[in-house]
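Novice: Dropping the structure in here first, questions after.
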Amino acid sequence: MKLYGGDLSPYTAKVRMQIYAKGITDISFERPPGFFQGEFNKTSPLGRIPALAIGTTAATGHAGEDVIPESEVIAEYLEECYPTPSMLGSGARQRALVRTISRIGDVYLMNNIFMALPQIPRATRNEAIRDLFVAQMTRGINALEHYLGDGHCAVGDALTLADCNLVPALFLCEHVVPTLDVPNPIPARPRGAAYWQRIQQNPHAARVIAEMQHGLAERRAGRA
Ligand SMILES: N[C@@H](CCC(=O)N[C@@H](CS)C(=O)NCC(=O)O)C(=O)O
């Protein structure tokens with residue numbers, strides 16, 4: 001299998017963290033062909049990364065590679081293909097908590113920060129658009145205060161998909177949100193701040209954070 005992605009992409013980081021934590025070694029990491037030319041939709045119709053290429057015959061029967069889009073769908077597919085160690089949580093209630101935190105990381109944090117990115121340049125910024133997305137991000141990060149526990153990880157002491165979503169999401173809160181002239185929301189949230197401190201000690205989290213930092217440095221230097 002091949003994972004098309006990029007170092008700075010938080011959605012790619014989410015899947016890479018899952019791959020590292022599960023100890024999967026037979027998936028290669030590749031740059032998406034034609035991504036910056038707007039041609040990656042020839043490989044994966046949504047044109048976004050990450051995308052997981054799993055074979056040469058598409059499930060639909062159409063010609064071309066068989067490619068799975070959307071980080072959450074990829075994450076679920078990997079859990080089915082590599083069930084051990086499970087990153088879904090144990091028991092129905094804990095799995096629902098893992099999914100709740102995962103959706104906060106993906107839908108409320110990553111997605112809204114991502115949609116606000118065009119509002120970074122002050123000269124062309126529409127403050128109403130920025131504020132709309134920031135309000136939804138704030139809703140999510142406030143709710144996290146209720147759902148995060150005191151264990152080493154987002155849910156208990158073992159890594160789950162909740163951590164794979166939160167680590168890149170909180171990286172964006174810390175490094176990207178301030179570029180919108182909005183304060184990093186983490187320090188003002190005690191549980192979120194304590195979790196962010198703790199999880200950065202985890203080697204799989206630290207590895208994707210280092211990759212995203214590398215991607216951000218490349219982007220800021222105009223190399224990516
Ligand atoms: N919902 C998608 C979001 C993926 C996404 O937005 N990826 C960004 C890079 S982090 C991308 O490919 N952007 C290019 C574009 O939107 O055209 C997922 O979970 O995989």
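Novice: With a bin width of 5 angstrom, please list the P(r) values of the chain as percents of all Cα-Cα pairs, from the 0 bin to the one holding the largest distance.
Specialist: 1, 7, 14, 19, 19, 17, 12, 7, 3, 1, 0
Novice: Further question on the same structure: If Lys and Arg each add +1 and Asp and Glu each add -1, what is the summed charge of the other residues whose beta carbon sits under 11 Å from the beta carbon of ALA51? Write down the numbers at each step before the final one.
Specialist: Working: positive: LYS2, ARG48; negative: GLU30, GLU65, ASP66, GLU70.
Computed value for this residue: -2.
Novice: Apply the a/c threshold of 1.5 to the C-alpha gyration tensor of the stretch 147-224 and tell me whether it is rounded, prolate or oblate.
Specialist: oblate
Novice: Sorting check: for 198-207, 157-166, which peptide has the highest mean count of neighbouring beta carbons within 10 Å, and how do the rest follow?
Specialist: 157-166, 198-207
Novice: Hey, can you rank 81-89, 65-73, 25-33 by average C-beta count inside 10 Å, highest first?
Specialist: Answer by packing, highest mean first, reads 65-73, 81-89, 25-33.
Novice: After finding the eigenvalues of the alpha carbon gyration tensor for the stretch 91-220, what semi-axes result from the square roots of 5 times each, listed largest first in whole Å?
Specialist: 25, 17, 12
Novice: Over 16 Å apart: what share of the alpha carbon pairs of the stretch 17-143 falls there, rounded to a whole percent?
Specialist: 72 percent
Novice: Cα centroids of the stretch 15-84 and the stretch 176-213: how far apart, whole angstrom?
Specialist: Result: 26 Å between the Cα centres.
Novice: Counting only Cα atoms, I'd like the Rg/Rh figure for the stretch 2-81, Kirkwood definition for Rh.
Specialist: Rounded to two decimals, Rg over Rh is 0.94.
Novice: Report the label-to-label distance for HIS146 and SER28 in nanometres (one decimal), using points 7 Å from each Cα along the Cα→Cβ vector.
Specialist: Roughly 4.7 nm, to one decimal.
Novice: Hey, another quick one. What is the antiparallel percent of DSSP beta bridges lying wholly in the chain, to the nearest 5?
Specialist: 70 percent
Quick note: the coordinates plus some simple rules give every number you see, no bench work behind them. This one's a predicted model, so the numbers in the text were calculated from it and none came from an experiment. Reconstructed Cβ throughout: ideal geometry from the backbone, glycine too, with neighbour counts over all protein chains shown.
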